[in-house]
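Since the structure comes first, as structure tokens, the remarks are kept for the end.
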Amino acid sequence: MGLRIGIVGATGAVGQEALQLLELGALSIAEIRLFASVRSAGRVRSFRRETVRIEEISAERLAGLDYVFFSAGASISRQYAPAAVKGGAIVIDNSSAFRMAREIPLVVPEVNAKELGRHPGIIANPNCTAAILATAVWPLHQAAIVERIVVATYQAASGAGAKALAELDAQVRQYAAGEEIRRKVFPEQIAFNVFSHNTPVDDSGFNEEENKVAQEIRKIFGEPTLGVCATCIRVPVFRAHSEAVVLETRRKLSAEEAREILSHAPGVAVVDDRKANRFPTPLEAAGKREVLVGRLREDPSHPRALALFVSGDQLLKGAAWNAVQILELLAA
Ligand code: HSE
């Protein structure tokens, strides 16, 4: 008997990636149901040679599914995820709605797959930046106990959605044509610019993404007191987020040892060739399931600190692939 799987937010970038991963994957799927807002209802997608009609989401339509992946934002998750669970499904939720709820596991399979055993019907998929960082840092934490993480991110425009990506594209064209550069989605011009206040900063001076990274890494690692200081920056890259990371560890870790550990770590690909001057880039990470890690070097300003650079596809390991990994583990 195959599984009955639903995707909520099927027309969004993450939903489309999830559908493609399921299509390519080995799971036995008896029925796939696609849900979106009324605007997209009625459109069709193909899945394993079948035509699937996109349905307007409703609590009734979510009944009777085995698994539902939610990728339509926190308000839709809050409104419909409980109904999907009531209707018999296990929900994997990509929004921030339940991530920090005590009873809901927040899972990166390479780190804390064991948490999947204690879910109350909903499992949270982490924020993209946190999932990528967790995958890269966890193997080093296991080897040398990470006591502090300082991270600056370089987040692709597509992380802010399809309209944001279109705005970057439009601004590049406006610049080339000598037109006035128009801005609607981002708080600053994104073409030929970077900014660290993508979302408003709170009273402590941190923006929402920075707070999510700190809180979520602590929860995923099961380390409530881990020090995390993040600066989350939007850059005019189309796809894949990069992160410059400095880790302070309890035991000194050489760059060589870290490289060796990471070369055997699940979900990680080491790209760290000093001779060839080849290191992670978002262009290379785009479309890959692994997180690329390189620029490994010992921090000369601290006796036990290591610097590294990470690029990971925020739509894959940062979202859809992480969720499909969870689904495959649950269904195994
Ligand atoms: N919060 C992330 C961002 C979304 O704004 O880039 C994950 O892609």
query: Do we have any residue at all in region 238-246 that's in contact (Cβ under 8 Å) with a residue 60 or more places away in the chain, over 19 Å from the mean Cα position of the chain (by Cα) and more than 30 Å from residue 3 (Cβ to Cβ)?
result: yes
task: For region 1-21, state whether one or more residues are assigned to a loop (DSSP other than H, G, I, E, B), of a type outside the set (A, V, I, L, M) and surrounded by fewer than 17 Cβ atoms within 10 Å (Cβ to Cβ).
output: yes
- request: Mind listing whichever residues of region 37-63 are exposed (fewer than 13 other Cβ atoms within 10 Å of the Cβ), in contact with an Asp or Glu (Cβ under 8 Å, 6 or more places away or on another chain) and not basic (Lys, Arg)?
  value: 38
query: Only one of (1) under 24 Å from residue 298 (Cα atoms); (2) buried (at least 21 other Cβ atoms within 10 Å of the Cβ); (3) over 20 Å from the mean Cα position of the chain (by Cα) fails for residue 226. Which number is that?
result: (2)
- prompt: What about residue 283, is it buried (at least 21 other Cβ atoms within 10 Å of the Cβ) and not hydroxyl-bearing (Ser, Thr, Tyr)?
  reply: no
task: For residue 275, state whether it is in contact with a Pro (Cβ under 7 Å, 6 or more places away or on another chain) and surrounded by fewer than 16 Cβ atoms within 10 Å (Cβ to Cβ).
output: no
statement: When residue 149 is run through (1) in contact with a strand residue (DSSP E or B) (Cβ under 9 Å, 6 or more places away or on another chain); (2) over 20 Å from residue 227 (Cβ atoms), the failure sits at (2)
message: I need the helices (runs of 4 or more DSSP H) fully contained in region 219-331, keeping only those with at least 1 residues that are within 16 Å of the ligand (Cβ to nearest atom) and within 23 Å of residue 125 (Cβ to Cβ).
response: 282-285, 321-331
query: For region 187-218, which residues satisfy the criterion of being away from the ligand (no atom under 13 Å from the Cβ) and closer than 21 Å to residue 111 by Cα?
result: 214, 215, 217, 218
- request: Specify the residue that is farthest from residue 89 (Cα to Cα); the eligible residues are those in region 105-140 that are away from the ligand (no atom under 16 Å from the Cβ) and touching a Ser or Thr at 6+ places or on another chain (Cβ under 8 Å).
  value: 140
message: Looking at (1) outside any helix (DSSP H, G or I); (2) within 19 Å of residue 330 (Cβ to Cβ); (3) away from the ligand (no atom under 16 Å from the Cβ), which one does residue 102 not meet, given that it meets all the others?
response: (2)
message: For the structure I just gave you, tell me whether residue 160 is modelled with pLDDT under 95, crowded, with 16+ Cβ neighbours inside 10 Å and within 16 Å of the ligand (Cβ to nearest atom).
response: yes
Residue count, region 33-49 (criterion: assigned to a strand (DSSP E or B) and without any contact (Cβ under 8 Å) to a residue 12 or more places away in the chain): 2
query: In region 277-329, which residue that is in contact with a Phe, Trp or Tyr (Cβ under 7 Å, 6 or more places away or on another chain) and of a type in the set (A, V, I, L, M) is farthest from residue 151 (Cα to Cα)?
result: 327
- request: Would you check which residues across region 50-74 are in contact (Cβ under 8 Å) with a residue 40 or more places away in the chain, under 25 Å from residue 116 (Cβ atoms) and not in a loop (DSSP other than H, G, I, E, B) and list them?
  value: 62, 67, 68, 69, 70
task: Output the residue which, of all residues in region 180-227 that are aliphatic (A, V, I, L, M) and touching a Leu at 6+ places or on another chain (Cβ under 8 Å), is farthest from residue 131 (Cα to Cα).
output: 191
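The values are calculated or read from the model by the stated rules, or taken from the named source; none is laboratory data. Nothing here was measured: the structure is a model prediction, and the numbers come from that model. Reconstructed Cβ throughout: ideal geometry from the backbone, glycine too, with neighbour counts over all protein chains shown.
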